[in-house]
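Here the structure is laid out as structure tokens; the discussion comes afterwards.
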Amino acid sequence: MEHEILMEAEDKMGKSLESFQQEIIHIRTGRASVGLLDGIEVEAYGSMMKLNQVATVAAPEPRLLTIQPWDKSQLDAIEKAILASPLDLTPANDGTIIRLPLPELSEDRRKEMVKMVGKLAEDARVSIRNIRRHEMENVKKLQKDGDLPEDDAHKLSDEIQKLTDAYVGKVDTAFKAKDAEIMEV
């Protein structure tokens, strides 16, 4: 039976990995991805709504995103939200659909993006290691209080370390994949 400390560590490390993966989805690679627009909120019907809640987003071509609002009256609001976003994209509105052409990325911009992803990966690794440190302290505290035998404490510490190595490996794998995706011309 898995110890609750190990399950808690795995849960927290999984959330750190998931957070890192969600952050790198939004980083532009020069290729159209509907996930690129996930962070954009549109003023619709008197409140702020996610873009995918007011329109259909598609990537019909490698360098083009299309946004088709369910209500044509939202075209201007969607266009304003895209222009106000940090994506630095210029929408083209034809009255029924918005087209977002993605420009080619320069070599310098690609390298800058790889550095940014590297920093996010390092932050995720630090977060995972902090979780390990916290859980190891919990193991030591339980052992000191006499609630956990020394042999079990060593086994649990080894399991936490294996879990940490596995999650750091997953972060590294995701980083390498995004690096290759960004640098691909």
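Dividing the summed helix terms, -39500 (n - 2.57) for each DSSP H run of n ≥ 4, by the number of residues in the chain produces a 222 nm estimate of -20000 deg cm²/dmol to the nearest 500. In this calculation the C-beta distance from residue 85 to residue 4 is compared with R0 = 41 Å, giving a FRET efficiency of 0.45.
Using 0.36 nm per residue and subtracting the Cα-Cα separation, the extra length available between residue 172 and residue 145 on full extension is 6.0 nm.
Residues whose amide H lies under 5 Å from that of residue 42, counting only those 5 or more places away or on a different chain, are 49, 50, 51; hydrogens are built 1.01 Å from N in the peptide plane. Label separation (residue 108 vs residue 76): 3.8 nm, computed from points 7 Å beyond Cα along the C-beta direction. Relative contact order of the chain: 25 percent, from C-alpha pairs under 8 Å at least 6 residues apart in sequence. The mean sequence separation of alpha-carbon pairs under 8 Å and at least six residues apart, normalised by the residue count of the stretch 34-101, gives a relative contact order of 28 percent. Each of residue 43 and residue 58 was given a label point 7 Å from its Cα along the Cα-to-Cβ line. The distance between the two points is 3.0 nm. Considering only 102, 20, 54, and ranking their Cα positions along the charge dipole of the stretch 1-126 that arises from unit charges at the beta-carbon of Lys, Arg, Asp and Glu, the one farthest toward the positive end is 102. Between the helical axis of 107-145 and the longest alpha-carbon principal axis of the chain there is an angle of about 30 degrees. Exposure here means at most 11 other Cβ atoms within 10 Å; with GluC sites (Glu not before Pro) in a DSSP loop as sites, the longest stretch of the chain lacking them is 3-103. Give me P(r) over the chain, computed from all C-alpha to C-alpha distances, binned every 10 Å, as integer percentages. In whole percents, the pair-distance histogram is 9, 28, 23, 19, 13, 7, 2, 0. Computed from point charges on the beta carbon alone (+1 for Lys and Arg, -1 for Asp and Glu), the dipole magnitude for the chain about its Cα centre is near 580 Debye. At most 12 other Cβ atoms within 10 Å and a DSSP loop assignment: could you name the chymotrypsin sites (Phe, Trp or Tyr not before Pro) in the stretch 10-118 that fit? Here the sparse-neighbourhood loop sites are 45, 70. From least to most packed, judged by other beta carbons within 10 angstrom and beginning with the fewest, 66, 90 follow the order 90, 66.
Every Cα-Cα pair in the stretch 83-185 was counted, and those over 24 Å apart are 53% of them. Once the chain from residue 18 to residue 115 is taken as fully extended at 0.36 nm per residue, the excess over their C-alpha distance is 33.0 nm.
Read-outs throughout are calculated quantities, based only on the coordinates presented, and are distinct from any laboratory measurement. Just so it is clear, the structure is predicted and the values come from calculations on it, not from any experiment. Note that each Cβ is placed from the backbone with ideal geometry, even for glycine, and that neighbours are counted across all protein chains shown.
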